[in-house]
1. Look through the range 93-139, keep the residues that are surrounded by 21 or more Cβ atoms within 10 Å (Cβ to Cβ) and among the β-branched types (Val, Ile, Thr), and return whichever of them is nearest to Glu202 (Cα to Cα).
2. Please go through the range 139-148 and pick out each residue that is polar (S, T, N, Q), over 13 Å from the mean Cα position of the chain (by Cα) and outside any helix (DSSP H, G or I).
3. Could you grab me the full set of residues in the range 18-35 that are surrounded by fewer than 19 Cβ atoms within 10 Å (Cβ to Cβ) and farther than 13 Å from Ala218 by Cβ?
4. Could you tell me which of the residues Phe223, Phe198 is at pLDDT below 95 and part of a helix (DSSP H, G or I)?
5. Give the number of residues within the range 76-94 that are of a type outside the set (Asp, Glu) and either over 20 Å from the mean Cα position of the chain (by Cα) or farther than 18 Å from Ile175 by Cβ (or both).
6. So in the range 233-245, with the set limited to residues that are at negative phi, in a loop (DSSP other than H, G, I, E, B) and in contact with a strand residue (DSSP E or B) (Cβ under 6 Å, 6 or more places away or on another chain), which one is surrounded by the fewest Cβ atoms within 10 Å (Cβ to Cβ)?
7. So which pairs qualify, if the first residue must be in the range 43-72 and loosely packed, with under 15 Cβ neighbours inside 10 Å, the second must be at pLDDT below 95 and of a type in the set (A, V, I, L, M, F, W, C), the Cβ gap must be under 9 Å, and the two must be at least 6 apart or on different chains?
Amino acid sequence: MNKVVLITGASRGIGRQTAIEFAKNGYDVALTYFVNKGLAENVKAEIEALGVKCKIMQCDIANEQDVKDMVYATIKEYGYIDVLINNASIAIDMLFNDKNCADFKRILDVNLVGTFMVSKYVGEYMLNKKSGKIINIASTNGINTYYPMCFDYDASKAGIISLTHNLAMQFAPYINVNAVAPGFIATQSEIGDMSEDFIKAEEEKIFLKRAGTEQEVADLILFLASDKANFINNAVIRIDGGMYGSM
């Protein structure tokens, strides 16, 4: 039987590429989306063309009942979950003085509380099985402060790093819990509205003088899910090409 991976927020970007990479490696896939059903259906078609199963589910991971229903539907479909990738997140880019409490709370509810809830309900099944891997997608923004306009997103990603350490302790010794912290990655959502000058300036901060790719992040996530990474636990792994001020 194929292993099963559940990926939140996998209709585009890193989540989409990761879903396809797991499918190429023989995993059956369950993925969530929030609003982009058409994009999720496209990912489903790509995955099924690789000869494995794919289930897509609409889910607001900030809503506890949505999360419970989504996890139950995945278990009902596949019987188990071997790997959970907490990828879903949002950002609201605006100047510091234009931010408000409602925006801040929404960022935390989706990015941090949502990661907690999905991990909690998937973790219950993994503990019953006494095996599993959880990989949280954090960010170098949760390690270093870059722009005050991102303070709410940065806080949520820093919270995910702390949550990773606590979940690793809570779920020991049966579940490996790690975090991946991407830096400047050339996803459409990351660079779509950026000017060439801004992109060049960001790339100058990177030792390798280029942005990372979705494929490179997906490869790292796949490795952490594999048996080759069985002794990696409670780790936060930066994938940023080396960044000035990030050591």
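The values are calculated or read from the model by the stated rules, or taken from the named source; none is laboratory data. Since the model is a prediction, treat every value here as computed from it, not as a measurement. Every residue, glycine among them, receives a Cβ derived from its backbone with ideal geometry; neighbour counts consider all protein chains shown.
1. In this case the residue turns out to be Ile137.
2. Scanning the range 139-148 gives Asn144, Thr145.
3. Gly26, Phe34, Val35
4. Phe198 is the lone residue from the list that is at pLDDT below 95 and part of a helix (DSSP H, G or I).
5. Of the residues in that region, 9 qualify.
6. Per the criteria, the residue is Ala235.
7. The qualifying pairs are Gln58/Val35.
Yes/no per residue for (1) among the polar types (S, T, N, Q); (2) farther than 25 Å from Phe22 by Cα; (3) surrounded by 16 or more Cβ atoms within 10 Å (Cβ to Cβ); (4) touching a strand residue (DSSP E or B) at 6+ places or on another chain (Cβ under 8 Å):
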{"site": "Pro173", "(1), (2), (3), (4)": "no, no, no, no"}
{"site": "Ala201", "(1), (2), (3), (4)": "no, yes, no, no"}
{"site": "Gln215", "(1), (2), (3), (4)": "yes, no, no, no"}
{"site": "Phe223", "(1), (2), (3), (4)": "no, no, no, no"}
{"site": "Ser226", "(1), (2), (3), (4)": "yes, no, no, no"}
{"site": "Phe231", "(1), (2), (3), (4)": "no, no, no, no"}
